[in-house]
Every structure is written in structure tokens, then in C-alpha cells.
1. Would you confirm whether any residue within segment 199-210 is surrounded by 20 or more Cβ atoms within 10 Å (Cβ to Cβ) and of a type in the set (Lys, Arg)?
2. For residue 153, are the conditions met, namely being of a type in the set (Val, Ile, Thr), within 23 Å of residue 247 (Cα to Cα), in a helix (DSSP H, G or I) and touching a Ser or Thr at 6+ places or on another chain (Cβ under 9 Å)?
3. What about residue 119, is it closer than 30 Å to residue 82 by Cβ and surrounded by 19 or more Cβ atoms within 10 Å (Cβ to Cβ)?
4. Is it the case that some residue within segment 236-253 is closer than 30 Å to residue 117 by Cα and among the small types (Gly, Ala, Ser)?
5. Only one of (1) over 23 Å from the mean Cα position of the chain (by Cα); (2) part of a helix (DSSP H, G or I); (3) not β-branched (Val, Ile, Thr) fails for residue 136. Which number is that?
6. Determine which single condition residue 69 fails, assuming it passes every other condition in (1) among the aliphatic types (A, V, I, L, M); (2) surrounded by 15 or more Cβ atoms within 10 Å (Cβ to Cβ); (3) modelled with pLDDT under 85; (4) outside any loop (DSSP other than H, G, I, E, B).
7. Among the helices (runs of 4 or more DSSP H) contained in segment 180-279, which hold 1 or more residues that are among the hydroxyl-bearing types (Ser, Thr, Tyr) and touching a Gly at 6+ places or on another chain (Cβ under 6 Å)?
Amino acid sequence: MSTTALHRGGAIHRTRFPLLVKSLLDARFSLVTWAVAMLAVMCLYLPLFPAIGGSDQMQQMMKALPAQLVNALNYGQIASGPGYAQATVFGLLGFLLMTIMAVSAGAGAIGGDEESGLLELTIAHGVTRTQVVLERAAALVVRVVVLHAFILVVLLVLKGPSELGFDAAHAAAGVLMFALLVLLNGSFALLGGAIGGRKVHGIAAGAGVAVLGYAFNALGNQNPDLEWMHAVSPYYWAYGDSPLLNGVDAPAALLLLGVSAACIALAVAALHRRDIHGV
């Protein structure tokens, strides 16, 4: 089915990518909600840096914290503008919010639809399984791109008044690696839903990868003997080279993108191998 009728307000709109358009229309209000949440986090934390960054109080607080906790939370460079933005927004609360967004969207894309019976109905009307996965994955990519474009705009507006000390190119690099990390977590959620046929399977897969990636990075920071864990941590792939300070790590970016693409390809294969309620 190359075209379909989408009903909105009684009007009929025809499109070549019906599932993509439908997914984005359904997500428009949640996108605004996530954008407002990220705006609140960034406006809460970033403007505080001039008052606390590099201050004696900050230095004393960091010395008072256990070294293991500082390493686990990536607070080692929090006294610098890039380190502060990385630790407070991209590495912690922002990472949590955007991961929840992507995992929820990815898990619902296939597993949620199958659980509700919509996937069976969609396939019965002539939409191929490959089309289902690819258009739903494209919708996930668009959500991630739109939200992270908004995050970049906010970061560019706040970086000067907040005295964060990095230029626009490094801001873009930090947001790009952030977006690729979030997309990877969402892609695993999509794959989990395609394999298991339930939203909870997708959530378990996406959240599991996100949590393990964060944990492996934290453990790898504790001891030289555990640094091998960085090699299997998507969190470290994204942030290990401090993109807000050093720019994009091209091999790491390609690795994050490649793993996401592999998850989508595997989701196509998984959905083709499964029986969707007899379809």
C-alpha cells in the first residue's frame, strides 16, 4: 500500500508514508512535553554555573565526595563549563529524560501495536512488515532529531550567559553524540518489541541497554583493571572523549549509528519470522 487515507478533522490526506506520518501526528503533543521538560532542566542547571563553577565552595565539595562517586557520576571535570554541562544535563537528567522518551517510543512502535491488535490490522490491510519496521523506526529518528535540534538551540542560547566556555561547533558535537546515544537505546527498544511482541519486552531491552551502558561506564572509571568495560558501554562511546570539549569522536559516532541500524535491520528480520496472530 503506497498511499493511505489519514482522517484528521474530517479531511482526507494522502501520503506515501502512512505509518510514519501517523506516528508523528500521534507524537506531536508528547514531543512538546519532552521539549518543555528538557528546557526546564537546562534552564535550571546551566545558568547556575557562573555562581558555582570553579568556586572554592565547589572545589571543597568535590574533595569531600568519595573519589569513587565522583568517577561514577563523571564529575571529574564539573568545575569546567563543558564538564558541568556534560555532568548535569547530557550525562544525567537529560540522558534520563531522553532515554525514557526514546525507549517508550521504540517499545511502542512494534510491541505496543501488536499488544493492542493494531499491528495485525495494519498488516492485514496490505502494509508489509518491512514497511512497518522502517516507517516506525523513521518516526523514532525524527523524534530524536527534532528534540535534539531543540536542545541544541537552547544550549546555544544559554552557553554565553552561563559562561560555559565552548563554541557552537563543540555544542553541536555534544548534542550529536547525545542524540546518537539516545537513538541507540530507542533502537534496542524497537528490536525488543519486534522480537517479543509486547511493549514490556521493548522497554526491558532499551532500558537494560541504557542502564548497563551507564553502569559499565561508571565501573570502568573506578579502576584501570575495569577499563575494558568502556569498550562495551554505549554511554562511554558517546561521552568518553568529552565531545563538548574535544568535538565529535567520528569512530564512536559511526559505531553508535551502526549499532542502531543493525537493531532496525534485526527488527525487520525478527518481525518476518514471527506469526502475528495468524497473519
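1. yes
2. no
3. Numbers: closer than 30 Å to residue 82 by Cβ: no; surrounded by 19 or more Cβ atoms within 10 Å (Cβ to Cβ): yes.
Considered against the rule, which asks whether it is closer than 30 Å to residue 82 by Cβ and surrounded by 19 or more Cβ atoms within 10 Å (Cβ to Cβ), residue 119 comes out as no.
4. Within segment 236-253, not a single residue is closer than 30 Å to residue 117 by Cα and among the small types (Gly, Ala, Ser).
5. All conditions are met except number (1).
6. All conditions are met except number (2).
7. Working: elements: 199-220, 234-239, 243-246, 250-273.
Here the list reads 234-239.
The values are calculated or read from the model by the stated rules, or taken from the named source; none is laboratory data. All values derive from a computational prediction rather than experimental measurement. Heads up, the Cβs are rebuilt from the backbone with ideal geometry, glycines too, and the neighbour counts pull from every protein chain shown.
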